[in-house]
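A quick write-up on the structure given underneath.
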Amino acid sequence: ARVGGRSGAMYQAFPFFIYMTHTDILIIGGGAAGLMAAAGAAETINGAGKVIVLEKMARPGRKIMITGKGRCNFTNLKAWNEFSGHVHPKPNFLKPSFYNLTSEKLISYLEAHGLETVVERGDRAFPASHLASEVVDTLLKAAVDAGAEVELGKEVTELSREESGFIVKCSDGSCYNCHKLIVCTGGLSYPKTGSTGDGYVWAREMGHEVKTLFPSLTAVVPKGYKDEKVLAASDSPAMRGHVDRSIPLSELGQALCGNQLKNVSLSIFIDGNEAQNEFGDLDFTDGGIEGPIGFKVSRKCVNAIINGSKVTAVLDLKPAVEIDELNNRIFSLWNEISKDRRNANKQYKDKLKVLLTKLLPMSLIPAFVKLNPNADHRTLGKVLKGWKMEIAGYVGYERCVVTAGGVSLEEITPKTLESKLVPGLYFAGEVLDLDADTGGYNLQTAFSTGYLAGISAAKTL
């Protein structure tokens, strides 16, 4: 199917025979970066040239559809000085793209094309309907209204460079040649949405370095969290430490899964040295440790595990209370419990469980006791402020939010997103060695880089 085009028809029959389509700008990938690149390029050309997007899935923006559990936190309104602290590994590379399309400009742009938006806690922007599909529809409308064509079911299989531009071949036998080529193929995360790493292959073929790829914003898996028998019997993972999310939970994992902890502190130690500390909310899921601060530490955890380092997580369940104050509170509670006649005939371990009910959520106690069998009322304060878990692995691309690593930033001009090695070739979005924390930062990065790449390609025609 072809969406848009100068005929004005939204959907047209696509010829079956093999032919060569000529276009000024060709964009591979109809996700966040690709659709914004199409809009930026078509607006800049303003009818004086042709822009085509090739998307291999039956619908564009498939990964956008699952963002934020379908609610689509599409940007974050923090100013650059704070926003940049959430971007890795070289935030300054993003600066020209960001200022070309800031978070505020993005919201205004989407609203101008019909999307109602709302800003919630943490400066996070959502569609007012909390339906990700409306963001996709708005992006598609913006691109098509500007004059771009979006062709669906177009899986690119081969790229080649020629004197006047590029030749692109698809699995259905169709061919395209273009003056400017923008690669917006995403990363490796959620491959069912079409992100299968094709752009990395083409980048290497064009002479680019691709920095080491690894999952980020993913669940990290404590030792003993998954069924060890199934884990041991599973195929050897391609990545060191990869634990497929489908592996069943162990008894410990079942005890922890479903617990949501508010306002806790999580520290990560790599080979015994503290590497990161985060404060906020944490979730235990069927994958492992997730939630806002779980995702924040996952990048360093995964990278360290892949490189063979030992990773330990230390959870402070009472970060707002100093250890001496907490100990005094625990001793006071223990005295009350010991003097209570109802506990007179109870064994020590049963009295300790009564104490724990006054300090922890009931659902967390079985797992806490299992992981801290030697804790007593004298040492409980220390354990509550330093609950250690060895991190054995992580969930891979099957359920990670974003891919870290990608096309080397040293080989891309930040002010245009054009390759320094291949004139007329541009990269935008997750395919670049740029990733960010959860909270709208990754989508804003994709939108900003896509828009600048589209405008830059159009200006050089």
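Of note:
- Members of region 134-155 that are open to solvent by 10 Å² or more (accessible area, probe 1.4 Å) and aliphatic (A, V, I, L, M): Leu140, Val144, Ala146, Leu152
- Residue list for region 198-231, filter: touching a helix residue (DSSP H, G or I) at 6+ places or on another chain (Cβ under 6 Å) and either modelled with pLDDT under 95 or at positive phi (or both): Leu217, Gly224
- Taken over region 406-461, the criterion of being over 23 Å from Phe74 (Cβ atoms) and of a type in the set (Ser, Thr, Tyr) is satisfied by Ser408, Thr413, Thr416, Ser419, Thr460.
- Residue check for Leu409: of a type in the set (A, V, I, L, M), surrounded by fewer than 22 Cβ atoms within 10 Å (Cβ to Cβ) and over 20 Å from Ser160 (Cα atoms): yes
- Residues satisfying the stated conditions in region 72-91, i.e. assigned to a helix (DSSP H, G or I) and without any contact (Cβ under 8 Å) to a residue 40 or more places away in the chain: Trp80, Asn81, Glu82, Ser84, Gly85, Pro91
- Looking across region 118-170, the residues that are hydroxyl-bearing (Ser, Thr, Tyr) and without any contact (Cβ under 8 Å) to a residue 24 or more places away in the chain come down to Ser129, Thr157, Ser160, Ser164.
- Test result for Gly187, in contact (Cβ under 8 Å) with a residue 24 or more places away in the chain and open to solvent by less than 20 Å² (accessible area, probe 1.4 Å): yes
- The test for being closer than 18 Å to Leu452 by Cα, touching a Pro at 6+ places or on another chain (Cβ under 6 Å), buried (at least 24 other Cβ atoms within 10 Å of the Cβ) and of a type outside the set (D, E, K, R) holds for Gly30.
- The number of residues in region 378-401 being touching a residue at least 40 places away in the same chain (Cβ under 8 Å), more than 15 Å from Gly224 (Cα to Cα) and open to solvent by 20 Å² or more (accessible area, probe 1.4 Å) comes to 7.
Rundown of residues vs (1) part of a loop (DSSP other than H, G, I, E, B); (2) open to solvent by less than 40 Å² (accessible area, probe 1.4 Å); (3) closer than 24 Å to Glu55 by Cα, yes/no style:
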site: Val168; (1), (2), (3): no, yes, yes
site: Asp172; (1), (2), (3): yes, no, yes
site: Ser195; (1), (2), (3): yes, yes, yes
site: Lys211; (1), (2), (3): no, no, no
site: Val230; (1), (2), (3): no, no, no
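- Of the residues in region 451-460, at least one is part of a helix (DSSP H, G or I), free of Cβ contacts under 8 Å to residues at least 60 places away in the same chain, under 29 Å from the mean Cα position of the chain (by Cα) and more than 25 Å from Leu282 (Cα to Cα).
- Within region 109-133, the residues that satisfy the criterion of being open to solvent by 70 Å² or more (accessible area, probe 1.4 Å), assigned to a helix (DSSP H, G or I) and at pLDDT 95 or above are Glu111, Ala112.
- Scanning region 91-108 for residues that are over 18 Å from Ile455 (Cα atoms) and crowded, with 17+ Cβ neighbours inside 10 Å returns Pro91, Ile107.
- Of all residues making up region 74-90, the number that are touching a strand residue (DSSP E or B) at 6+ places or on another chain (Cβ under 7 Å) and open to solvent by 20 Å² or more (accessible area, probe 1.4 Å): 3
- Criterion (closer than 14 Å to Gly31 by Cβ and not hydroxyl-bearing (Ser, Thr, Tyr)) met by exactly one of Leu131, Leu159, Leu188, Leu181: Leu188
- Leu461 meets all of the listed conditions (1) touching an Asp or Glu at 6+ places or on another chain (Cβ under 8 Å); (2) buried (at least 24 other Cβ atoms within 10 Å of the Cβ) but one, namely (2).
- Verdict on Thr193 being farther than 25 Å from Ile293 by Cβ, in contact (Cβ under 8 Å) with a residue 12 or more places away in the chain and not acidic (Asp, Glu): yes
- Members of region 338-363 that are surrounded by 14 or more Cβ atoms within 10 Å (Cβ to Cβ) and acidic (Asp, Glu): none
The values are calculated or read from the model by the stated rules, or taken from the named source; none is laboratory data. Just so it is clear, the structure is predicted and the values come from calculations on it, not from any experiment. Positions of Cβ are generated from backbone atoms using ideal geometry, with glycine treated the same way; all protein chains shown enter the neighbour counts. To get the accessible areas, we keep the full protein, side chains included, count just its heavy atoms, and leave off ligands, DNA and RNA. Shrake-Rupley method; radii C 1.70, N 1.55, O 1.52, S 1.80 Å.
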